[in-house]
Amino acid sequence: MDAKLLLEQLFPAGQRVDFDGQYFSGTGQTADGEVAVIGTTDAAAIGVELAFRIAGQVLEIVRSHPRRPILLLVDTQGQRLSRRDELLGINGYMAHLAKCIEVARRAGHRVIGLVYSQAVSGGFLASSMLADTCYALPEAEVRVMNLPAMSRITKIPVERLQDLSQLSPVFAPGVENYLRMGAIAELWQGDLAACLEKALAAAVGHDARRDRGLARQGRLLAGPVAERVRHGGA
Amino acid sequence: MRDWNTQARNREARLARAAHLTQGKTVEAKDAAALLSAVLEPGDRVCLEGNNQKQADFLAKVLAGLDPARVHDLHMVQSVLALPEHLDVFDRGVASRLDFSFSGPQGARLAKLVAEGRINIGAIHTYLELFGRYFVDLTPRVSLVCAQAADRAGNLYTGPNTEDTPTIVEATAFKRGIVIAQVNQIVDSLPRVDIPADWVDFVIQSPKPHYIEPLFTRDPAQISEIQVLMAMMAIKGIYAEYEVNRLNHGIGFDTAAIELLLPTYAESLGLKGRICRHWALNPHPALIPAIEAGFVESVHSFGSELGMEKYIEARPDVFFTGPDGSMRSNRAMSQAAGHYACDMFIGSTLQIDLGGNSSTATLGRIAGFGGAPNMGSDARGRRHASPAWLKAGREAREGRGLMPRGQKLVVQMVETFREHMQPAFVERLDAWELAESAGMDLPPVMIYGEDVSHILTEEGIANLLLCRTDEEREQAIRGVAGYTPVGLARDKRMVENLRDRGIIRRPEDLGIDKSLATRDLLAARSVKDLVRASGGLYDPPKRFRNW
Amino acid sequence: METLKFEYRGGRPCNPAQASALAGVVGSGNLEILVEQEPLNGACAVEVVTAAVGFGAIWQAVLDDFFARHPLADVRISINDVGATPAVVSLRLDQAVNAFLGGTA
Amino acid sequence: MTQSYYEASARERLAAVLDPSSFQEILPPSARVTSPHLRQLDTPAAFDDGIIVGEGRLDGQPVLAAAQEGGFMGGAVGEVHGAKLVGLLERALDTRPTAVLLLVESGGVRLHEANAGLIAVSEVMRAVLAVRGAGIPVIVLDGGQFGCFGGMGIVARLCDTVIISEEGRLGLSGPEVIETTCGVEEFDSRDRALVWRTVGGKHRTLLGEAGELVADATAAFRAAAIRALALTPDLSLEALEREHAALGQRIERFGDCHDAVDIWRALGIEAPERLPLLEAADFNTITAGKRA
């Protein structure tokens, strides 16, 4: 979905969002008050500048608007692939963004992620995946890598990967797979404003993704193994 | 009356055709194609300098780009086919016949062109054979050689990679052929003269410095524990027992492991000063720790190795260097030394059969063996004696009532399985099939079984000198062939017999504790360690660095 | 991938320094070997999971020789292999058993 | 000869970095907690799924530690591998050790179980931040053969410090990935000097991405880890604002630099091209006070 159309549907009561290239930020009006919005469009490749800018906006919200909820609308093809980004330490910028989101959470901001278009590996990791809860639109694409590229690297025939992807959510692209594995809490359909308000009202707790993955039978080992390590004898 | 001077007059005609392109001996790079078109005639025998390391890459490109309507049916005589252009000349119809020694990375394409009838191969020689024939019946009419620099008069400085240049130029210039050199730069005065100006007709400054391949650098990080074990066996079971002091090492991780064990394991056995003092060897970076430890007294080289320049310059007692400090290598001289002056060759191979014949030839590739057959063969003409040579000769002749004579140690060192579980021991070499499919006169054997003195694997050492019958020899080979089909088919009782007689020796028979065979024994475990050992003088190529 | 099972009898009970020991890494040309004490009615049970298919006879020969060197009873040996050569397999087997019996990891 | 950290296995690293014989593994190989996904794709599994987690002591202090084994699938994170790391970090919330040590060596997410791996990495990220939020420092050691890339490259920078050797690498996209996607002109991954100049330990240290450069020796890593035990996590808004300012300055000062050497020169280091040749101690002396 187009970002502007999405914003209209999310905030029928009004929103003030500024677009600057592939980056946008602003506020939207809900029944419970203002929500801060930060996002990217056009499957942005997230390089050092963009990560830095999103992080700066998060910090600004924490500084100036205590407890205002933050909605992350990051449309990304992943991290920008370039030698310059690596030279400047892009992983440090991604980590910085993640830390800023954590600081917001710890300061009492609700942080909600919504995948409305594309979410790919590094760009997804450092943004929406760090939200308290991440949602998606049904038409969204979520992946680490497409199957042909995966086949080239793992040297497993692409036909075999395609066959197995029918049986297992564990490696193939697809928002449904991420839903089953618990990383996406719910798909938002119909009245998006209502979905948002419901999400804002939901209780905040610990990282519930592996519990959901287990309950939805998409990720059977993550929870039990982590529990065994947490509580087991050395 | 017969004209005894046709070659000289033909030469004058060629030079006259090119006169308008030169100023003195210098030709502009942009005129290189015109120069070659002017001096070459269809059917000429041409040597395009292709070495192990330095390549006349600019001239190769120009030659391959000539109009085949004007220049065709050249007969290429060159030691190494290293560059794609070396085959492009055939692909484009500029050349049609080939005599060479080694094709390395071009082996598969060469096989294809031969199969298509685009190349007519005269023979695959050893380096010494080919060089020899330059002076007998394969003398180049035109040679395209490569040097580091030239002065205005046309004297050449080859830099550390002299390699084939003197041999090629000598054969060409003194039979009234034409010598064209590409150089990286033209200077007022050279650091030293490797080729005198009056042997050189044209000099072209190439747009880019010539390409050099770092062929002899082995990263110690990739040496396995098994290779360490085999190196321990080589040192204790062969080097020490025969007191091997003059030797050549084949290229590879097996021999690099031996080089890196000299300052540690060999030193602990008290072998410093008793083995490995004189070498015919490219300047292997892996030899640095042994040099620094005082094992090595001299090294003469076929060619140099990238990154070793400053180190070599700082160790003139060890290496052959000019007054300018840089190495003077020479492939022909070093090959002669490796054949006649060395007591041992040790190297690896891909396949060994039950006769001890070994080959690196594989189907679909025509690669040749370069210098290995010269190194890895007994020098039947040798007369001078040494303890190693005499002992090997004694072992081979004992109890047979033969005229006393020495023998070279030729050691094949292989793991029983290569990667992907390819067995190194086979009933029949792939070389047979290759010979049939490519219409060769003989299967391409790198080292003939009759020249092999020892086979060394992780399972043990088979001393073939001590075998008295073909059956013993076969079982000795099976007895070190591990779990390959050849090894599993051994006669266990006979193998134990051979072991009792010392023909087969296991690590434990040599007093080697296998659990000590770890990478900790290596005097350098990384390229960085080699740099450290050199006191910062070794400057490895970029691809070998992790800093 | 292929799973191979072998069982050896006639070994001697051992007195391991630790209940289990591991040698090697599951990487190209390498393997990991886990040696564990387990009541198996005096047997030494070996299970090999290998990425290289079709080398059962060679595994048999390598393990026969191993058992001749180390006749162990009531021991389970579990192997994950990525195409290690017999030389590497034998080396890791010896390392694993030495750690198991001698107690150094 | 000193023991090389780069060459050591994950198990050997743990044994050498922690107090002798102090390490107690949780879910050891005999527990056989392996990846079912690999088997499904006909790929051999490892009994520990390429990561060793447990408790030990460092300089007498109780610590939790994890070590990734690069030899197994490049240390890549799969479902089990990631869950063991998450569980260990959460264990720290219960047992409150002096610190958590992460001996990282990873190419990032394991493609054979890519979705599970990606989610696991984000759970590790959340867990690292939770541990630090509880006042327990998380210390990264990076000196293995495969470096630390992908999601683990982000994880490393969420921690209190990264102790790195010259051989260590830290980044997001590996040079091979960039070369494959963008071409050899963008990043020649075979030019190893360029690779290490860009993502290697020395440049990371000068940029401030790593806290300390050590020699490639297990003892050096151990000594630096002991020093790092004194760190106190700070996830305050002020700390993040300071970091933000520093990262902004980095783009401003070095955003136009083409090569690491340009950055080092801009940092005021004389003859920066010699830095790659220096041993760790000399490097630290020469670059003291000249880090971004």
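The values are calculated or read from the model by the stated rules, or taken from the named source; none is laboratory data. Because the structure is predicted, anything quoted here is derived from the model rather than measured. Don't worry about glycine lacking a Cβ; one is built from the backbone with ideal geometry, like all the others, and counts go over all protein chains shown.
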* Structure fact -> Pairing a residue in segment D:121-142 that is closer than 13 Å to A:His206 by Cα with any residue that is among the acidic types (Asp, Glu) and part of a helix (DSSP H, G or I), where Cβ atoms lie under 7 Å and the two sit 6 or more apart in sequence or on different chains, gives D:Ala127/D:Glu90; D:Leu129/A:Glu102
* Out of segment B:237-252, which residues are in a helix (DSSP H, G or I) and surrounded by 21 or more Cβ atoms within 10 Å (Cβ to Cβ)? -> B:Gly237, B:Ile238, B:Tyr239, B:Tyr242
* Asked: So D:Asp216 fits all but one of (1) without any contact (Cβ under 8 Å) to a residue 40 or more places away in the chain; (2) more than 10 Å from chain A (Cβ to nearest Cβ); what number is the exception?
  -> (1)
* Among (1) within 17 Å of the chain's Cα centre (by Cα); (2) of a type outside the set (Phe, Trp, Tyr); (3) facing chain D (nearest Cβ under 9 Å), the one test that A:Val175 misses -> (3)
* Structure fact -> Within segment B:83-111, the residues that are in contact (Cβ under 8 Å) with a residue 40 or more places away in the chain and not aromatic (Phe, Trp, Tyr) are B:Leu83, B:Val89, B:Ala95, B:Ser101, B:Ser103, B:Gly104, B:Gly107, B:Ala108, B:Leu110, B:Ala111
* Taking segment B:72-101, which residues are farther than 23 Å from B:Arg331 by Cα and either polar (S, T, N, Q) or buried (at least 24 other Cβ atoms within 10 Å of the Cβ) (or both)? -> B:Leu74, B:Val89, B:Phe90, B:Val94, B:Ala95, B:Ser96
* Residue count, segment B:503-518 (criterion: charged (D, E, K, R) and at pLDDT 95 or above) -> 4
* Could you check, for segment A:94-117, whether at least one of its residues is among the β-branched types (Val, Ile, Thr), at the interface with chain D (Cβ under 8 Å from one of its Cβ atoms) and over 23 Å from D:Ala134 (Cα atoms)? => no
* To do: Assess whether B:Ala147 counts as being crowded, with 19+ Cβ neighbours inside 10 Å and within 25 Å of the chain's Cα centre (by Cα).
  => yes
* How about segment D:187-213: which of its residues are in contact with a Ser or Thr (Cβ under 7 Å, 6 or more places away or on another chain) and at the interface with chain A (Cβ under 10 Å from one of its Cβ atoms)? -> D:Val195
* **Residues located in segment D:150-173, provided they are more than 7 Å from chain A (Cβ to nearest Cβ), closer than 17 Å to D:Lys202 by Cβ and assigned to a loop (DSSP other than H, G, I, E, B)** => D:Glu166, D:Glu167, D:Gly168
* Asked: Is it true that some residue in segment D:174-186 is part of a helix (DSSP H, G or I), within 9 Å of another protein chain (Cβ to nearest Cβ) and closer than 26 Å to D:Arg222 by Cβ?
  -> no
* Considering only residues of segment A:101-123 that are in contact with a helix residue (DSSP H, G or I) (Cβ under 7 Å, 6 or more places away or on another chain) and part of a helix (DSSP H, G or I), which is farthest from D:Gly150 (Cα to Cα)? -> A:Arg106
* To do: Could you tell me whether segment A:58-74 includes any residue that is closer than 27 Å to A:Lys4 by Cβ, surrounded by 22 or more Cβ atoms within 10 Å (Cβ to Cβ), at pLDDT below 95 and β-branched (Val, Ile, Thr)?
  => yes
* A:Val115 passes all but one of (1) surrounded by 24 or more Cβ atoms within 10 Å (Cβ to Cβ); (2) without any contact (Cβ under 8 Å) to a residue 24 or more places away in the chain; (3) of a type outside the set (Ser, Thr, Tyr); which number fails? -> (2)
* Asked: Considering only residues of segment D:32-49 that are at the interface with chain A (Cβ under 9 Å from one of its Cβ atoms) and free of Cβ contacts under 8 Å to residues at least 12 places away in the same chain, which is surrounded by the fewest Cβ atoms within 10 Å (Cβ to Cβ)?
  -> D:Asp42
* Structure fact -> For segment D:256-278, the count of residues that are surrounded by 14 or more Cβ atoms within 10 Å (Cβ to Cβ) and part of a loop (DSSP other than H, G, I, E, B) equals 5
* Asked: Can you find a residue in segment A:2-21 that is in a helix (DSSP H, G or I), more than 25 Å from A:Leu192 (Cβ to Cβ) and of a type outside the set (A, V, I, L, M, F, W, C)?
  -> no
* If we keep just the residues of segment D:84-107 that are buried (at least 24 other Cβ atoms within 10 Å of the Cβ) and within 8 Å of another protein chain (Cβ to nearest Cβ), which is nearest to D:Gln68 (Cα to Cα)? -> D:Lys84
* Has segment D:6-14 got any residue that is aliphatic (A, V, I, L, M), within 14 Å of chain A (Cβ to nearest Cβ) and free of Cβ contacts under 8 Å to residues at least 24 places away in the same chain? -> no
* Residues within segment D:82-103 that are touching a Lys or Arg at 6+ places or on another chain (Cβ under 7 Å) and closer than 25 Å to D:Pro44 by Cα, tallied -> 2
